[in-house]
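Visitor: Dumping the structure here so I can ask a few things about it.
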Amino acid sequence: MEMVNFAPVMFAGLIVIMLIGFPVAFSLAALGLGSAFYAIQMGWFPAAFMGNLPISLFSILNNELLLAIPFFTFMGTILEKCGLAEDMLDSMGQLFGPKRGGIGYSVIIVGFILGAITGTVAGQVIAMALISLPVMMKYNYNMRYATGVLAASGTITQLVPPSLVLVVLADQLGKPVGDMYKGAWGPSLLQVAMFALYTFALTRIKPDYLPAIPRTERTLDGWALWKKCLRGIVPSAILIFTVLGSMGGLPFQDTAIATPTEAGAMGVVGALILAAMSKRLTPALIWEAMSGTMRLTAMVVFILIGSRVFSQVFQGVDGAKWVEHLLTGLPGGQVGFLIVVNVFVFFLAFFLDFFEIAFIIVPMLAPVADKLGIDLIWFGVLLCVNLQTSFMHPPFGFALFYLRGIADTLFKDKRIPVPVKSNDIYMGAIPWVIMQIILVFVVIFVPQSVTMFLDKEVKIDVDKVQIEMQVDPTKTQSSAAEDQRKMDELFKDAIKK
């Protein structure tokens, strides 16, 4: 076998081991080391090439940006466990309930707010299903709509800043996290609007699917109800805007005063304060949050190590050139590349979670996207929108698994009168997956949906400046220095603007 044919063999092996189901981190490392041994025996690169691996691993694990992962995870777990979701869903449900589809609207809004402060799909789906599913069934909501809106509103946490997915993608693409957050605001707001419009359309087409709750069922009314709503929303909004604002992640914000890691640490302090204000901050809560954070962080580290072992060998056999040649030759230019990549990621997400895709696949795609002139912030947000569907794919979506488990628990505890059928969960997810796919195409064909909140880059016509400020050889040395100074001032002024 020649080296030119070994890169596709490694890539095929990567797909196979992913489908086997063995932990990806260890499979990747084993595949990388086995391929390295074979490549050394074939003389494609020397054994000393693998001597760079420890240094490479150290540089990756020494990345300060990745320290934001445990902080944001810990913050989200604290907020997930402290009962914030229950309070917000109860108050929002009573506020919107008397309108047709009111519980659906409340689930979408609370999902958006919780997505910005928890960042965990599992916790969000479970918390919202525990509270809202019995209420929806009590008032005869269509079962497929109920399961679909609960799963979809839980997955929106992948896209809403300060999403953990965006932190990882920013690291892999080499872009500022704040810019990635700014780019995600447009698609996340569009998605919420699409969910709300779909709910509104159903109330008109199938009004019996989403009935209104009688006002007599409210336990609160007037100012008392508004006070309870604001008590959940205002502290959460303050925490969100403080964390995002410190990183420069708010729309039209020019400066950042903290790194993502520092902002994550500040968010942890804010989450602890909110939990204490709700009188739910206990040692058991802290211990549970720390255990969950430790497990997730360890998983990320092992995936990072395995992916780095594989990618170093893949680079050594010119795998990057093979991927670049394969993808740059696609018809349709940038649009063709984006469509093919998103279809590939969509199907790959049937079997992999976003960490594995971000650490294994994105480093292969990013250089090609950059060479094609695709803005990497736009590319990263587009992938994030696509990766949301990985939690909603029937029958493999994890959000659907979480919903299946909670529905069984609720039936066993007699909190719902009849069991929820798996067919209703899977069929109920389809309209929401279609909406997420539509959003992918909107982001591809309307890049302004991502870039509208980003700072506009100043383009300097260097040739024009040099012609205008060209040094005349007849001038004295001091005159030439003055011209150079003026040229420097032009560049500074352009950058300031």
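Here's the yes/no breakdown for (1) under 30 Å from Phe347 (Cα atoms); (2) outside the structural domain of Gln172 (by TED's automatic domain parsing); (3) surrounded by fewer than 18 Cβ atoms within 10 Å (Cβ to Cβ); (4) touching a strand residue (DSSP E or B) at 6+ places or on another chain (Cβ under 9 Å):
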residue: Phe6; (1), (2), (3), (4): yes, yes, no, no
residue: Ile15; (1), (2), (3), (4): yes, yes, yes, no
residue: Ile20; (1), (2), (3), (4): yes, yes, yes, no
residue: Val24; (1), (2), (3), (4): yes, yes, no, no
residue: Ser27; (1), (2), (3), (4): yes, yes, no, no
residue: Ala30; (1), (2), (3), (4): yes, yes, yes, no
residue: Gly34; (1), (2), (3), (4): yes, yes, yes, no
residue: Met42; (1), (2), (3), (4): no, yes, yes, no
residue: Pro46; (1), (2), (3), (4): no, yes, yes, no
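Visitor: While we're here: Of (1) crowded, with 21+ Cβ neighbours inside 10 Å; (2) touching a Pro at 6+ places or on another chain (Cβ under 9 Å), Leu65 satisfies all except one. Which?
Guide: (1)
Visitor: If Phe347 meets every condition in (1) in contact with a helix residue (DSSP H, G or I) (Cβ under 7 Å, 6 or more places away or on another chain); (2) aromatic (Phe, Trp, Tyr); (3) without any contact (Cβ under 8 Å) to a residue 24 or more places away in the chain apart from one, which number is that one?
Guide: Tallying (1) in contact with a helix residue (DSSP H, G or I) (Cβ under 7 Å, 6 or more places away or on another chain); (2) aromatic (Phe, Trp, Tyr); (3) without any contact (Cβ under 8 Å) to a residue 24 or more places away in the chain, Phe347 fails exactly one: (1).
Visitor: Here's another thing I want to ask about it. Please work out if Met143 is closer than 20 Å to Phe72 by Cβ and either in contact (Cβ under 8 Å) with a residue 12 or more places away in the chain or out of contact with any Lys or Arg (no Cβ under 8 Å at 6 or more places or on another chain) (or both). Full working, then the answer.
Guide: On the way: closer than 20 Å to Phe72 by Cβ: no; either in contact (Cβ under 8 Å) with a residue 12 or more places away in the chain or out of contact with any Lys or Arg (no Cβ under 8 Å at 6 or more places or on another chain) (or both): yes.
No: the conditions fail for Met143.
Visitor: So in the range 219-258, with the set limited to residues that are assigned to a helix (DSSP H, G or I) and of a type in the set (Val, Ile, Thr), which one is nearest to Glu64 (Cα to Cα)? Talk me through it step by step, then tell me what you get.
Guide: Step one: list which residues in the range 219-258 are assigned to a helix (DSSP H, G or I), which gives 222-247.
Remaining after also requiring of a type in the set (Val, Ile, Thr): 233-234, 238, 240, 242-243.
Values: Ile233: 31, Val234: 31, Ile238: 26, Ile240: 22, Thr242: 20, Val243: 17 Å.
The qualifying residue nearest to Glu64 (Cα to Cα) is Val243.
Visitor: Among (1) in contact with a helix residue (DSSP H, G or I) (Cβ under 9 Å, 6 or more places away or on another chain); (2) assigned by TED's automatic domain parsing to the domain that holds Gly123, where does Arg308 come up short?
Guide: For Arg308, the failing item is (2).
Visitor: So, restricting to helices (runs of 4 or more DSSP H) that lie completely within the range 17-130, which ones have at least 1 residues that are within 19 Å of the chain's Cα centre (by Cα)?
Guide: Answer list for the range 17-130: 68-81, 102-117.
Visitor: Also: Scanning for something free of Cβ contacts under 8 Å to residues at least 60 places away in the same chain and either of a type in the set (Ser, Thr, Tyr) or closer than 27 Å to Ala36 by Cα (or both), does the range 288-305 turn up at least one residue?
Guide: Yes, because at least one residue in the range 288-305 is free of Cβ contacts under 8 Å to residues at least 60 places away in the same chain and either of a type in the set (Ser, Thr, Tyr) or closer than 27 Å to Ala36 by Cα (or both).
Visitor: Taking the options Thr261, Thr216, name whichever one is part of a helix (DSSP H, G or I), buried (at least 18 other Cβ atoms within 10 Å of the Cβ) and either β-branched (Val, Ile, Thr) or touching a strand residue (DSSP E or B) at 6+ places or on another chain (Cβ under 8 Å) (or both).
Guide: On inspection, the qualifying residue turns out to be Thr261.
Visitor: While we're on this one: Given Ala193, Ala184, which one is surrounded by fewer than 16 Cβ atoms within 10 Å (Cβ to Cβ) and of a type in the set (Gly, Ala, Ser)?
Guide: Ala193
Visitor: Which of the residues spanning the range 289-325 are more than 19 Å from Leu67 (Cα to Cα) and surrounded by fewer than 15 Cβ atoms within 10 Å (Cβ to Cβ)? Can you show your working first?
Guide: Of the range 289-325, the ones more than 19 Å from Leu67 (Cα to Cα) are 309-325.
Once the filter is applied, which keeps residues that are more than 19 Å from Leu67 (Cα to Cα) and surrounded by fewer than 15 Cβ atoms within 10 Å (Cβ to Cβ), the range 289-325 yields Lys321, His325.
Visitor: Still on this structure: So how many residues does the range 238-258 have that are touching a residue at least 40 places away in the same chain (Cβ under 8 Å) and either among the polar types (S, T, N, Q) or surrounded by fewer than 16 Cβ atoms within 10 Å (Cβ to Cβ) (or both)?
Guide: So in the range 238-258, the residues touching a residue at least 40 places away in the same chain (Cβ under 8 Å) come out as 239-240, 243-244, 247-254, 256.
Right, trim to either among the polar types (S, T, N, Q) or surrounded by fewer than 16 Cβ atoms within 10 Å (Cβ to Cβ) (or both) and you get 251-254.
Qualifying residue count, the range 238-258: 4.
Visitor: Exactly one of (1) assigned to a helix (DSSP H, G or I); (2) surrounded by fewer than 17 Cβ atoms within 10 Å (Cβ to Cβ) is unmet by Lys279. Its number?
Guide: Status for Lys279: all satisfied but (1).
Visitor: Let me ask something additional. Tally up the residues in the range 259-283 that are of a type in the set (Gly, Ala, Ser), over 27 Å from Asp171 (Cβ atoms) and modelled with pLDDT of 85 or more, please.
Guide: Narrowing the range 259-283 to residues of a type in the set (Gly, Ala, Ser): 263-265, 267, 270-271, 275-276, 278.
Right, trim to over 27 Å from Asp171 (Cβ atoms) and you get 275-276, 278.
Next, from what is left, pick out any that are modelled with pLDDT of 85 or more: 275-276.
Qualifying residue count, the range 259-283: 2.
Visitor: Being among the polar types (S, T, N, Q), assigned to a helix (DSSP H, G or I) and over 10 Å from the mean Cα position of the chain (by Cα) is the filter here, so list the residues in the range 142-187 that pass it.
Guide: Initial filter on the range 142-187 (among the polar types (S, T, N, Q)): 142, 147, 153, 155, 157-158, 163, 172.
If we keep only those that are assigned to a helix (DSSP H, G or I) as well, we get 147, 153, 155, 157-158, 172.
Within the range 142-187, Thr147, Ser153, Gln172 meet the criteria.
Visitor: Another question about this same structure. Name the residues in the range 387-433 that are at pLDDT 80 or above, polar (S, T, N, Q) and surrounded by 17 or more Cβ atoms within 10 Å (Cβ to Cβ), would you?
Guide: Gln388, Thr389
The values are calculated or read from the model by the stated rules, or taken from the named source; none is laboratory data. Given the structure is predicted, the values throughout are model-derived calculations rather than measurements. Quick reminder, even Gly has a Cβ in these numbers, built from the backbone with ideal geometry, and neighbours come from all protein chains shown.
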